Every structure is written in structure tokens, then in C-alpha cells.
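What follows is calculated from the coordinates using simple rules that are stated; it is not laboratory data. Keep in mind it's a predicted model, so treat the numbers as computed, not measured. Here the Cβ positions follow ideal geometry from the backbone for every residue, glycine too, while neighbour counts run over all protein chains shown.
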Amino acid sequence: MNRTLTDFVLKGGRLIDPAGGRDGQFDVRVRNGKIEAIDANLETNGANDIDIKGHIVTPGLIDVHLHLMKGLGAFGVDPDIFGVGSAVTTVVDAGSAGHTLLDVFRNYVTDNAKTRVLNYINLSTLGGVSGPGYSILADPRLIDEAKIEQAVEANRDIIVGIKIMATGGALGAQGLKPLERARKLGDSLKLPLLVHIGESWTKDTAPVHVGDVLKYLRAGDIVTHMFTVHPGGLLDGNRKLWPQVRDAKASGVLMDVGHGLHNLNFDVARKVLDQGLHPDGVSTDGHRGNRAGPVYDLPTTMAKLMALGFSLNQVIEMATANAAKLLGRTSELGTLRIGASADISVLKIQDREWKAVDSQNGTIPAHQTITPVYAIRGEKIYEPLAVEPP
Ligand SMILES: [Zn+2]
């Protein structure tokens, strides 16, 4: 049951806050919605105790790629399902809305959610209206820089970048021209580009080479679906990283997981990771069609990365400090600060043998699970929504 408490202490948990330099047993006191104290053994002094012995406390988890326009197309899911219902306090929509739908997104999704909902505005006027697999950038009239600019300027508080589907299916006869236009727009609006790679929805079009896409990206831009098995991914025919991928990463282009129905493949992930390329962000690409598997939630996606060899601290860093950097929001997100509004996740880590499943039904052995316990925003304490465990 969700609760509202004006004064409480999270007692006995292990706090892991990579950006704040903390890993150890710390209590956290929240009063009037703000973090009042973080200390090894806080006196309760009349506050409510929430006993979280054996659990992990982290800065509010951030899921940087989902589809959150509830009811829209095949994808739109209620943000609180993957958000506070999954011990995640911030979720980011990846391109459901083009400029025409941005006000609707804001009023209907962001302003009605219990979770903080941020937004990558779609370069295409159509956004996610048509569903996946359509040529949403193939007509030059479907990009309207002036209108995008107006929408962005009116909504800077929620907009974190511009989403581009860099697939043969989406770009169609326009080829790379939309990327050129996105580059100019990103520069003039000072917003990063979030670029979908991998021909996951359209099989009959020539894929776009990732090297061609990367020519248009700069430090701070983000490539999502880094572990896709579909044409247009990070590996060449010999399963080596394309040299342009190494160069892009070295120049500061960021890489995001974007699990989704199609785009987390463990074989590809192993090959990419073995060649030294690591994710900057971990995200579910959560939508209506993958909550019941293979994605489930962000904590499960983090546990899959642990099965691939990352430590608990590393995956927490990806979902907190690194995600805040990727969104350009380090002053408000990604770490616990005294005096700031409470934005906290509580997780349960268990030693258990299970099989992690990827988007192609491939499995690898996993030894630990991560499950949601609470999402805390201000005075509100949210319990997780039911999800079938993997
Ligand atoms: Zn997506």
C-alpha cells in the first residue's frame, strides 16, 4: 500500500550512492519531503521507522528510454508501471510525441504521473502515432524545425533531447538527410540526440550503417540499442566493433542498452563488452508489450547486466549517476543530497540461481536478482506493482 509520511527514517539499509561517494550502512531521515540527514546510526526521535535491514538504498533510479504515452499505438504504457511501481523515480519517454503532441504529453502524461516523466521529442511530426515500422522521416515535410523549436522552448523543464529513428525503414528515401537536419537542430537548441539503431521493425529495407549514423553524432549524444542483433548494430560481419564505434565512444558519444522486445541480445552484448565497450546508461525500452517479459522492469534489466559481468555497484551507478549525466540533470538527479527533495529507491538483492532471458529467448545463468521494494518521492512511499518474476 502506498503511504504518505511527513517524518520517517529508512533504518538499517546499505546505501549505495556512487555520485555521493557512499557505500555502507547509513540511515536516511526524510522530513517534510526533504532529506534531512544521512548517517550511520540516526536517532529516530519520534519519526516513523521504516525497517529496511538487508535491503539496498540508492538515489532514485532513472530509466532513460521508455514509451509512456498511455494508450497511444501499440506501445504507450502508464509511466507509473515502469516508474514508481518498479522502484524507479524518473522515467524518460523516447519519442512518443512529435511537436504536435507535446502539450498533450505534458498535460496527460507528465502532469498526471506519480513518477517524474521527462521527454525526448521526436524529430518526426508523427512521433509514435503510427506505431513501429513506418517511414516517419521519409517525407521532408515531416520535420518542422521551427515548430520543434517552439515546442522545446515552451517545455525545457521536461525535454532532455531529440529522438531519431535511424533505420532504413524510418528514413526511407530521405536517407541520411534527417540526421543532418537533426544535427543542426540539436546544435541550435543545445540538446543531445537520442538515436535508435538496429533494423528491428522493418526487414525489407536496406539497413543504415552505424558508421554513417555516427558521423552526425557528438559528445553527449546517445546511441540506444547498443546490444541489438539486428542489421545496423555495433558489430561488423566478423563480430568486431566497427572502428567508427570506437572512435565515437572515445569522442564522448554515449551508449544506452534499450532492452525492449528486440534489442538486448546476450551474444552481441558479450562480444561488445569483451571488446571493451561498456554501456553508459541502462534502460528498459519499456512499453505495453514487454512488461510481462522479456523486460519486466529496470531492476530486472540491471540484474541481467550483472549476469553479463557487471557488479551491483556498477549497475547502480549506471541507473543513477550516469543516467543523470546522460540527461544533463546532475544538479537535481542521481545522488542523495541533504536538503533536497527525497528521491530514493529501495531494492532487494537476493542470491538465487535463475536464467536471464534476452530479446531473442537466449539465456545466460544469473546468480542474483534485484527486485523493487519502494520508490520514495518527497513524502510519498510507493510499493511495487505486481509483475511475474522472470
Ligand atoms: Zn524504444
Placing +1 on the Cβ of each Lys and Arg and -1 on the Cβ of each Asp and Glu in segment 85-202, which of S135, V160, H99 has its Cα farthest towards the positive end of the resulting dipole? V160
Using every alpha carbon pair in segment 337-387, what percent of pairs falls into each 5 Å bin from 0 up to the bin containing the largest distance? 5, 16, 16, 17, 16, 12, 9, 6, 2, 0
The chain, Gaussian network, Cα under 10 Å: of A154, A321, A138, the residue fluctuating most is A154
Using only the alpha carbons, work out the radius of gyration and Dmax of segment 284-390 in angstrom. 14.7, 45
About the Cα centre of segment 1-118, what is the dipole size in debye to 20, counting +1 per Lys and Arg Cβ and -1 per Asp and Glu Cβ, all else neutral? 60 debye
Each residue of segment 178-193 in order: what ³J(HN,Hα) in whole Hz does its phi give by Karplus 6.51 cos²θ - 1.76 cosθ + 1.60, θ = phi - 60°, with x for Gly and Pro? x, 5, 4, 5, 5, 4, 4, 5, x, 5, 6, 8, 6, 10, x, 9
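Only four residue types carry charge here, +1 at the Cβ of Lys and Arg and -1 at the Cβ of Asp and Glu. Report the dipole size of segment 253-390 about the Cα centre in Debye, rounded to the nearest 20.
Approximately 100 debye in magnitude.
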Simple spin-label model, 7 Å along Cα-to-Cβ: R218 to D187 in nm? 0.6 nm
Translational diffusion coefficient, Stokes-Einstein: compute it for segment 77-118 using the Kirkwood radius over C-alpha pairs as Rh, at 25 °C and 0.890 mPa s, and state it as an integer in µm² s⁻¹. 238 µm²/s
Could you tell me how far the Cα centroid of segment 136-214 sits from the Cα centroid of segment 323-375, in Å? 29 Å
Computed lengthening from D247 to K355, 0.36 nm per intervening residue step minus Cα-Cα distance: 35.4 nm
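Which percentage, to the nearest 5, of the DSSP beta bridges contained in the chain is antiparallel?
Taking every DSSP beta bridge within the chain, about 55 percent pair in antiparallel fashion.
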Hits among lysines - C-alpha to C-alpha of K53 under 23 Å, sequence gap 8 or more where chains match: K11, K34, K348, K380
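How big is the Kirkwood radius of the chain, worked out from every pair of different alpha carbons and given in Å to one decimal? It would help to have the intermediate numbers written out before the result.
Details: mean 1/r = 0.0477 Å⁻¹.
Kirkwood hydrodynamic radius for the chain: 20.9 Å.
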Take the alpha-carbon centre of segment 241-295, take the same for segment 56-123, and report the distance between them in whole Å. 20 Å
Partner aspartates and glutamates whose C-alpha sits under 16 Å from that of K190, ignoring same-chain residues fewer than 8 away, are E145, E149, E153, D157, E180, D221
Candidate lysines - alpha carbon under 18 Å from K249, same-chain residues fewer than 8 apart omitted: K215, K240, K271, K325
Label-to-label distance, nm, for residues given as N2 and E145 (7 Å Cα→Cβ offset): 4.2 nm
